[in-house]
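Notes follow the structure.
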2 protein chains.
Amino acid sequence: MSRQWQTYSVPNPSYFLVNPTDNNTNTTPALTLAEAKAQFIHTWGVSGASWGVSKTLAQVHALLLVSPGALSTEDLMEQLKISRGNASMTVRDLLDWGLIYKELRPGERREYFVAEKDMLQVTRCIIRARKRRELDQMKRSLDQLANLPGDPADAEYRAFHTALTDIQQLANVSEKLLNRLMQAEKSWFWDKFMKLFM
Amino acid sequence: MSRQWQTYSVPNPSYFLVNPTDNNTNTTPALTLAEAKAQFIHTWGVSGASWGVSKTLAQVHALLLVSPGALSTEDLMEQLKISRGNASMTVRDLLDWGLIYKELRPGERREYFVAEKDMLQVTRCIIRARKRRELDQMKRSLDQLANLPGDPADAEYRAFHTALTDIQQLANVSEKLLNRLMQAEKSWFWDKFMKLFM
DNA sequence: CACAAGTTTCAATAATTATTGAAACTTGTG
DNA sequence: CACAAGTTTCAATAATTATTGAAACTTGTG
């Protein structure tokens with residue numbers, strides 16, 4: 001089993017080939033489930049990195065998302081080939097984001113983790129965390145700059161003031177939109193929202 | 001002049017103090033315009049870094065946004081204290097994103113750059129570039145994985161398949177929402193959109 | 001309270017990403 | 001076509017960020 005996971009870090013070009021161990025009949029899948037998982041984890045890691053999260057964080061999340069049961073720190077270390085320290089910190093981050101939960105098993109000291117599987121909920125968690133880190137932080141900085149008094153006849157001042165108020169306006173709209181998305185009920189999301197926008 | 005810009009790289013705590021060169025009457029601003037600009041450029045750089053763009057890219061963009069006229073590569077280098085190579089590459093990136101324009105002056109070989117000042121347009125450019133880099137890229141990878149055939153009685157397979165189709169569904173909605181936002185006319189944006197969401 | 005079975009922390013290090021700066025290139029003009 | 005005034009490229013380096021792994025810590029149990 002553990003051999004199959006090595007493709008997490010080094011994606012294997014044979015993904016795109018027919019599984020060499022089957023007889024190549026047209027009913028067999030081109031990918032085994034384990035290969036597909038590995039590829040998904042890789043993809044999710046790359047996507048995560050292009051957002052601001054570390055590759056490992058995204059990969060742990062991906063692995064838990066596609067795992068039917070809960071996994072322990074030990075499992076994560078082994079399957080993703082990461083160190084104990086890394087696993088511990090990553091898991092803590094994911095708990096903070098609200099993307100995974102601890103699962104305690106009676107009589108066991110070891111902790112297990114399950115992913116939040118409801119994608120709408122996942123989206124909310126991500127929006128909440130990123131909004132706090134990026135938008136709210138920025139709004140605070142802008143507020144004290146936008147109403148700097150100055151001479152409206154000065155082109156330098158006008159350019160500055162216009163740019164800042166425009167950005168503030170945009171930030172306000174974004175904030176409201178994000179708040180709406182976060183509150184969204186499943187039904188609201190799929191009904192009103194989807195129908196409106198398509 | 002050039003001394004004032006040093007706060008771009010090392011934010012100066014005196015931002016929050018009354019300008020020591022004025023007489024501290026209550027009609028004088030707490031910040032000079034140059035200080036406020038420097039602080040804005042710093043803020044925008046930090047925000048940019050928490051998205052996926054380099055600090056320099058965000059700062060060049062910020063500087064051009066608050067500059068009433070066009071600036072040359074030389075101006076950018078001097079005001080942001082960056083190297084010629086860095087300025088050249090950053091400017092090219094910003095041109096690619098569509099966030100700035102070249103301004104050619106008859107009889108001069110030197111190139112000048114102006115920022116797109118319409119924030120709605122800026123938003124569109126950013127959405128377009130990021131969507132292409134992140135969402136479209138991901139969708140492509142997921143498509144080939146989501147319809148992997150398998151045994152629906154296998155919990156491993158079910159978990160994988162459910163997670164992937166859920167993510168695809170979410171990606172589709174996101175794509176449509178982003179497309180809508182990109183098409184949005186100014187009037188549509190402020191009327192329909194803002195009113196609906198507030 | 002000693003110990004076993006875990007988890008967390010954090011300094012050192014590895015990996016990645018951004019930046020510099022000099023050399024190569026481009027382009028218009030006498 | 002030589003030169004001046006710029007721009008671009010890219011290998012070397014600096015700066016930043018992620019990861020390791022060993023030591024410190026925690027917690028439940030005999």
- request: Give segment B:75-120 a look and list any residue that's over 26 Å from A:L164 (Cβ atoms) and either of a type in the set (D, E, K, R) or more than 13 Å from DNA strand C (Cβ to nearest atom) (or both), or say none.
  value: B:R84, B:R92, B:R105, B:E108, B:R109, B:R110, B:E111
message: With the requirement that a residue be outside any helix (DSSP H, G or I) and open to solvent by 20 Å² or more (accessible area, probe 1.4 Å), what does segment B:105-123 give you?
response: B:R105, B:P106, B:G107, B:E108, B:R109, B:R110, B:E111, B:Y112, B:V114, B:E116, B:K117, B:D118
- request: Give me the pairs, please: first residue somewhere in segment A:82-97 and at negative phi and among the hydroxyl-bearing types (S, T, Y), second residue anywhere and assigned to a helix (DSSP H, G or I) and near DNA strand C (Cβ under 7 Å from one of its atoms), beta-carbon distance under 7 Å, and either six or more positions apart or on two chains.
  value: A:S88/A:T73
task: Could you look through segment A:28-42, keep only residues that are within 18 Å of A:P68 (Cβ to Cβ) and more than 8 Å from chain B (Cβ to nearest Cβ), and pick out the one that is farthest from the chain's Cα centre (by Cα)?
output: A:T32
message: For segment A:165-188, give me each residue that is within 9 Å of another protein chain (Cβ to nearest Cβ) and either touching a Leu at 6+ places or on another chain (Cβ under 6 Å) or small (G, A, S) (or both).
response: A:S174
2 or more residues more than 15 Å from DNA strand D (Cβ to nearest atom) and modelled with pLDDT of 95 or more: qualifying helices (runs of 4 or more DSSP H) within segment B:4-90: B:33-50, B:55-65
message: Of all residues being facing another protein chain (nearest Cβ under 8 Å) and small (G, A, S) in segment A:43-66, which is surrounded by the most Cβ atoms within 10 Å (Cβ to Cβ)? Just the residue, please.
response: A:S47
statement: When every residue in segment A:158-171 that is touching a residue at least 24 places away in the same chain (Cβ under 8 Å) and open to solvent by less than 20 Å² (accessible area, probe 1.4 Å) is compared, the one nearest to the chain's Cα centre (by Cα) is A:A171
task: Collect the residues in segment B:138-157 that are over 36 Å from the mean Cα position of the chain (by Cα) and within 7 Å of chain A (Cβ to nearest Cβ), keeping them in residue-number order.
output: B:L148, B:P149, B:G150, B:A155, B:E156, B:Y157
- prompt: Would you call B:K102 open to solvent by 70 Å² or more (accessible area, probe 1.4 Å), more than 15 Å from the chain's Cα centre (by Cα) and without any contact (Cβ under 8 Å) to a residue 60 or more places away in the chain?
  reply: yes
query: What number of residues within segment A:124-157 are touching a Gly at 6+ places or on another chain (Cβ under 6 Å) and either among the basic types (K, R) or open to solvent by 20 Å² or more (accessible area, probe 1.4 Å) (or both)?
result: 1
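The values are calculated or read from the model by the stated rules, or taken from the named source; none is laboratory data. Computed from a predicted model, the values in this text were never measured in an experiment. In this analysis, Cβ positions are derived from the backbone assuming ideal geometry, glycine residues included, and neighbour counts consider all displayed protein chains. Ligands, DNA and RNA are excluded from the accessible area calculation, which covers all protein heavy atoms including side chains. Shrake-Rupley method; radii C 1.70, N 1.55, O 1.52, S 1.80 Å.
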